[in-house]
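Q: The following block contains the structure, expressed as structure tokens.
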Amino acid sequence: MDAIASDAEGPEQPTADEVRAQLRHIQESRDFETGDLRRKFLGYVVEETLAGRTRYLKGVSIAMSVFDRDETFDPQIDPVVRLEARRLRRDLDGYYAASGRTDPIRISIPKGGYVPLFEWQEGTGREKTDMPPVAEATMPPADSPKSIGMMPSRGVLLGAIILALIATATAGWYLFGPESRESTVAQTTDDALLAMPKGPMIAVLPFLHLSGDAKRQYVSDGITEQLTTELARFRDLWVLALGAMQKYKAEPADPRELRREFGADYALEGSILETGSTIRITARLIDTESARYIWVKSYDAALTPANIYEVQDAIARTVVGNLAGKYGVLAKNDMAQSRRRAPDNLDNYDCVLRYYDNQDNFNIDRRSEVMACLEQAVARDPEYAEAWAVLANLYMQQIRFKFGRQEAVKDVFAKANAAVKRAIKLDPTDPTGHMMYSNLLFSAGDLVGFRQEGETALRLNPNKSISLAHYGMRLVFIGEFDRGRSLLKKAQTLNPLHPHWYRIPEVLYRYDRGEYRQALAELDKIEIPGFFWTHLLRAAIFGQLDRLEGAREAAQSLLKLKPKFRQEALSLIEVWRFPEPLNQSILVGLGKAGLDILQEAAAQTD
């Protein structure tokens, strides 16, 4: 049988028969310590790769073929494939560290995807070669031109005040992240904001709502989110944000598994029970090494925002206090900065919790409902800073996604600007307001102000992953690759279950360098099928690779999601303030996919 197709030069690659023989040898070995499902997982991805179907090695297809999920499977809320992939990588490493070290062929599954690599091991008489998993068009040389001609100037951008789109596309949670706390964030930098937190790692799990009413789960989710944010302020804690994961709402977390999977030293879990006019919040701190509770307490309080905030602060202080005795005394100003003013009314607080729930689910149909709720909240309590900050973001989403009320862009922008400034004035220590303002200034073209507000948000809480991602992403977009990518890597490390959109800047970074196959590999890790930018990027990348059939297919998918894309393309791309060569390169790639935007724009002006 022929060697597996590859663009790599050098020694002949393992044949399909040789790979299958190695697969059988691994699965039958006593040193391959894994379960039946992970054996099936390995066999499936190997056979799909040998058959040339790597394009379909996605979380959904694996879940349905290996883990008996049905067509309703949602990888954004069910992490089974991502977590089992982590375990499978660990099992393979264990095998090759034992009897497998003398095997002729090494089978591995690189982090961040499901496509296996097949390579000769050293000492087999054949030089080890990294083999691309599937046949691809040859990548252009790194110094090849990335575009042809120059994009004509558009003058004032049509979308100059359209706020960033991708940054808040939290349609799903991308579950791959670093597998140990030895992050790849640069450790030799003098940038204090890039420093990883020291001390114990604590995984904050979703607090469960015990009412039995699924519609009230957002209350528990909101409290979990706020507890995570408060704990992340403390430099002596490494806080993992796992609270958004449906997996841990459906079944109890195994503390030892949290230690193995994420390196967590401790876990914080709890429950919420609303009864009439009172609420009981129970919190439990677990040592993941011994799987024993080291602190458990229930708090009964009147069902008011002020009392809920007081309980949240008490939990944070107790958690920090328990861990400080072992790892050092925390700075007093950290606790002082965590203070915030409670809203006057429970309904107002409820509106903010609904906002965070909607951001996790990204349910466009409910945006107008949440916006109306927040507008009522600030009308009832004009001093509620957090409500003003998140309302400003909803206003800007109304612009960037072009949905909802039919209002003039300048009027919506003015409302967003006023709301975010009000939030900062009311609570200048809240990083949320500063980050929303940074994003708004980015869209307005004030890059000096964008940086000032972004840096302020990070100084106020350098360990809040969402702020790191928002700011780092925009730095990448304007060509500040080194720092932007470092901030994003820190965000991914702090939140191993991070949103899919955290990876989009890396796609654009690789694309800008002409590394189209690497850009495609990054894009393949993103599962947001209803997000038009993923189809746009796929069309451009395939176009640059001269894979024209795939490019045209991606372009058609793009047009289905965005029927007016041809008319809106320039403003949708230019709003991100990419460097001019990157803008040109994207348009050239789209042109090869059959979307000749420049020619069509010129025809419209004739």
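Q: Give me a count of the residues in the range 18-67 that are acidic (Asp, Glu) and out of contact with any helix residue (DSSP H, G or I) (no Cβ under 9 Å at 6 or more places or on another chain).
A: Step one: list which residues in the range 18-67 are acidic (Asp, Glu), which gives 18, 28, 31, 33, 36, 47-48.
So of that shortlist, the ones also out of contact with any helix residue (DSSP H, G or I) (no Cβ under 9 Å at 6 or more places or on another chain) come out as 18, 28, 36.
Summing the residues that are acidic (Asp, Glu) and out of contact with any helix residue (DSSP H, G or I) (no Cβ under 9 Å at 6 or more places or on another chain) in the range 18-67 gives 3.
Q: Hey, another quick one. Please find, within the range 559-573, the residue that is least open to solvent (accessible area, probe 1.4 Å) out of those that are more than 18 Å from Phe477 (Cβ to Cβ) and touching a helix residue (DSSP H, G or I) at 6+ places or on another chain (Cβ under 7 Å). I'd like the intermediate steps shown before the answer.
A: Filtering the range 559-573 for residues more than 18 Å from Phe477 (Cβ to Cβ) gives 559-568.
Now narrow it down to the ones that are touching a helix residue (DSSP H, G or I) at 6+ places or on another chain (Cβ under 7 Å): 559, 561-562, 565-566.
On the way: Leu559: 33, Leu561: 77, Lys562: 35, Phe565: 0, Arg566: 85 Å².
Only one residue tops the list, namely Phe565.
Q: Restricting to the range 276-309, name every residue that is open to solvent by less than 30 Å² (accessible area, probe 1.4 Å) and of a type in the set (Val, Ile, Thr).
A: Within the range 276-309, Ile279, Ile281, Thr282, Ile286, Thr288, Ile308 meet the criteria.
Q: Any chance you could count how many residues in the range 91-125 are in contact with a helix residue (DSSP H, G or I) (Cβ under 8 Å, 6 or more places away or on another chain) and open to solvent by 50 Å² or more (accessible area, probe 1.4 Å)?
A: 4
Q: Within the range 367-399, count every residue that is among the small types (Gly, Ala, Ser) and either open to solvent by 10 Å² or more (accessible area, probe 1.4 Å) or over 18 Å from Ile424 (Cβ atoms) (or both). It would help to see each step written out before you state the result.
A: Filtering the range 367-399 down to residues among the small types (Gly, Ala, Ser) leaves 368, 372, 377, 379, 385, 387, 389, 392.
In the following step, the residues that additionally are either open to solvent by 10 Å² or more (accessible area, probe 1.4 Å) or over 18 Å from Ile424 (Cβ atoms) (or both) were identified as 368, 372, 379, 385.
Of the residues in the range 367-399, 4 are among the small types (Gly, Ala, Ser) and either open to solvent by 10 Å² or more (accessible area, probe 1.4 Å) or over 18 Å from Ile424 (Cβ atoms) (or both).
Q: Going residue by residue through the range 316-333, is there one that turns out to be at pLDDT 75 or above, open to solvent by less than 50 Å² (accessible area, probe 1.4 Å), within 27 Å of Phe531 (Cβ to Cβ) and small (Gly, Ala, Ser)?
A: no
Q: Criterion first (at pLDDT below 85 and more than 29 Å from the chain's Cα centre (by Cα)) does Ala379 satisfy it?
A: No, not satisfied.
Q: List, please: which pairs have Cβ atoms under 7 Å, are six or more places apart or on different chains, and start with a residue in the range 529-543 that is closer than 12 Å to Ile573 by Cβ and end with one that is open to solvent by 20 Å² or more (accessible area, probe 1.4 Å)?
A: Pairs found: Phe532/Leu561; Phe532/Lys562.
Q: Hey, Ser557 hits all of (1) more than 22 Å from Ala521 (Cα to Cα); (2) touching a His at 6+ places or on another chain (Cβ under 7 Å) but one; which does it fall short on?
A: (1)
Q: Something else: Against the definition (within 26 Å of the chain's Cα centre (by Cα), over 21 Å from Tyr356 (Cβ atoms) and at pLDDT below 90), how does Gly445 come out, yes or no?
A: yes
Q: Limited to the range 512-558, what total is found for residues that are over 25 Å from the mean Cα position of the chain (by Cα), more than 27 Å from Ala63 (Cα to Cα) and surrounded by fewer than 18 Cβ atoms within 10 Å (Cβ to Cβ)?
A: Of the residues in the range 512-558, 4 are over 25 Å from the mean Cα position of the chain (by Cα), more than 27 Å from Ala63 (Cα to Cα) and surrounded by fewer than 18 Cβ atoms within 10 Å (Cβ to Cβ).
Q: Starting from residues that are more than 18 Å from Leu520 (Cα to Cα) and of a type in the set (D, E, K, R), keep the ones in the range 479-508 and report whichever is least open to solvent (accessible area, probe 1.4 Å).
A: Only one residue fits best here, namely Lys490.
Q: Scan the range 464-478 for residues that are open to solvent by less than 10 Å² (accessible area, probe 1.4 Å) and of a type outside the set (Gly, Ala, Ser) and jot them down.
A: Applying the first criterion (open to solvent by less than 10 Å² (accessible area, probe 1.4 Å)) to the range 464-478 yields 467-469, 471-477.
Within the range 464-478, Leu468, Tyr471, Met473, Arg474, Leu475, Val476, Phe477 meet the criteria.
Q: A further question on this structure: Restricting attention to the range 31-63, which residues are assigned to a helix (DSSP H, G or I), hydrophobic (A, V, I, L, M, F, W, C), open to solvent by 50 Å² or more (accessible area, probe 1.4 Å) and closer than 24 Å to Leu520 by Cα? Before you say what the answer is, go through the steps one by one.
A: Start the filter on the range 31-63 by keeping residues that are assigned to a helix (DSSP H, G or I), which leaves 36-50, 54-56, 59-63.
Checking which are hydrophobic (A, V, I, L, M, F, W, C) leaves us with 37, 41-42, 45-46, 50, 60, 62-63.
Then drop every residue that is not open to solvent by 50 Å² or more (accessible area, probe 1.4 Å), which leaves 37, 60.
Listed by number, the list holds a single entry, Val60.
Q: Quick check, is Thr429 polar (S, T, N, Q), at negative phi, touching a Leu at 6+ places or on another chain (Cβ under 7 Å) and open to solvent by 20 Å² or more (accessible area, probe 1.4 Å)?
A: Working: polar (S, T, N, Q): yes; at negative phi: yes; touching a Leu at 6+ places or on another chain (Cβ under 7 Å): yes; open to solvent by 20 Å² or more (accessible area, probe 1.4 Å): yes.
Taking the combined requirement at face value, the residue satisfies it.
Q: Another question, if that's okay. Could you please find all residues in the range 55-78 being at pLDDT below 75 and within 17 Å of the chain's Cα centre (by Cα)?
A: Asp74, Pro75, Gln76, Ile77, Asp78
Quick grid of which residues meet (1) closer than 30 Å to Tyr471 by Cα; (2) of a type in the set (A, V, I, L, M):
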{"site": "Phe542", "(1), (2)": "yes, no"}
{"site": "Leu545", "(1), (2)": "no, yes"}
{"site": "Glu549", "(1), (2)": "no, no"}
{"site": "Glu553", "(1), (2)": "no, no"}
{"site": "Lys562", "(1), (2)": "yes, no"}
{"site": "Gln567", "(1), (2)": "yes, no"}
{"site": "Asn583", "(1), (2)": "yes, no"}
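Q: So how many residues does the range 64-90 have that are of a type in the set (Val, Ile, Thr), under 18 Å from Glu261 (Cα atoms) and either open to solvent by less than 20 Å² (accessible area, probe 1.4 Å) or not in a helix (DSSP H, G or I) (or both)?
A: Taking the range 64-90 and keeping what is of a type in the set (Val, Ile, Thr), we get 66, 72, 77, 80-81.
Keeping just the survivors that are under 18 Å from Glu261 (Cα atoms) gives 77, 80-81.
Among the residues that remain, those that are also either open to solvent by less than 20 Å² (accessible area, probe 1.4 Å) or not in a helix (DSSP H, G or I) (or both) are: 77, 81.
Adding up the residues that qualify gives 2.
Q: Would you tally the residues in the range 427-457 being among the aliphatic types (A, V, I, L, M) and under 14 Å from Ala392 (Cα atoms)? Quick ask: steps written out before the conclusion?
A: Of all residues in the range 427-457, those among the aliphatic types (A, V, I, L, M) come to 435-436, 440-441, 444, 447-448, 457.
Of the ones still in play, those that are also under 14 Å from Ala392 (Cα atoms) are 435-436, 440-441.
The qualifying residues number 4.
Q: Moving to a separate point now. If only one of Leu458, Leu441 is assigned to a helix (DSSP H, G or I) and open to solvent by less than 10 Å² (accessible area, probe 1.4 Å), which one is it?
A: Details: Leu441 fails: open to solvent by less than 10 Å² (accessible area, probe 1.4 Å).
Result of the check over Leu458, Leu441: Leu458.
Q: Scan the range 557-582 and report the pairs whose first residue is at pLDDT below 90 and whose second residue is part of a helix (DSSP H, G or I) and among the polar types (S, T, N, Q), with Cβ atoms within less than 8 Å and a gap of 6+ or a chain change.
A: If the second residue must be part of a helix (DSSP H, G or I) and among the polar types (S, T, N, Q), the pairs left are Gln567/Gln604; Ile573/Asn583; Glu574/Asn583; Val575/Ser443.
Q: Here is a follow-up. Which residues, counting only those in the range 265-294, are hydrophobic (A, V, I, L, M, F, W, C) and at pLDDT below 85? Can you show your working first?
A: Pass one, the range 265-294, residues hydrophobic (A, V, I, L, M, F, W, C): 267-268, 272-273, 279, 281, 283, 285-286, 291, 294.
Matches in the range 265-294: Ile294 only.
Q: Which residue, of Ser467, Ser486, is in contact (Cβ under 8 Å) with a residue 40 or more places away in the chain, part of a helix (DSSP H, G or I) and on the phi < 0 side of the Ramachandran plot? Please lay out each step first, then the result.
A: Numbers: Ser467 fails: in contact (Cβ under 8 Å) with a residue 40 or more places away in the chain.
Ser486 is the lone residue from the list that is in contact (Cβ under 8 Å) with a residue 40 or more places away in the chain, part of a helix (DSSP H, G or I) and on the phi < 0 side of the Ramachandran plot.
Q: Does the range 412-426 include one or more residues that are under 20 Å from Asp350 (Cβ atoms), at pLDDT below 95, surrounded by fewer than 22 Cβ atoms within 10 Å (Cβ to Cβ) and not aromatic (Phe, Trp, Tyr)?
A: Checked the range 412-426: at least one residue is under 20 Å from Asp350 (Cβ atoms), at pLDDT below 95, surrounded by fewer than 22 Cβ atoms within 10 Å (Cβ to Cβ) and not aromatic (Phe, Trp, Tyr).
The values are calculated or read from the model by the stated rules, or taken from the named source; none is laboratory data. Since the model is a prediction, treat every value here as computed from it, not as a measurement. Glycine gets a Cβ as well: all are built from the backbone with ideal geometry, and neighbour counts include every protein chain shown. All accessible areas refer to the heavy atoms of the entire protein, side chains included, with ligands and DNA or RNA removed. Shrake-Rupley method; radii C 1.70, N 1.55, O 1.52, S 1.80 Å.
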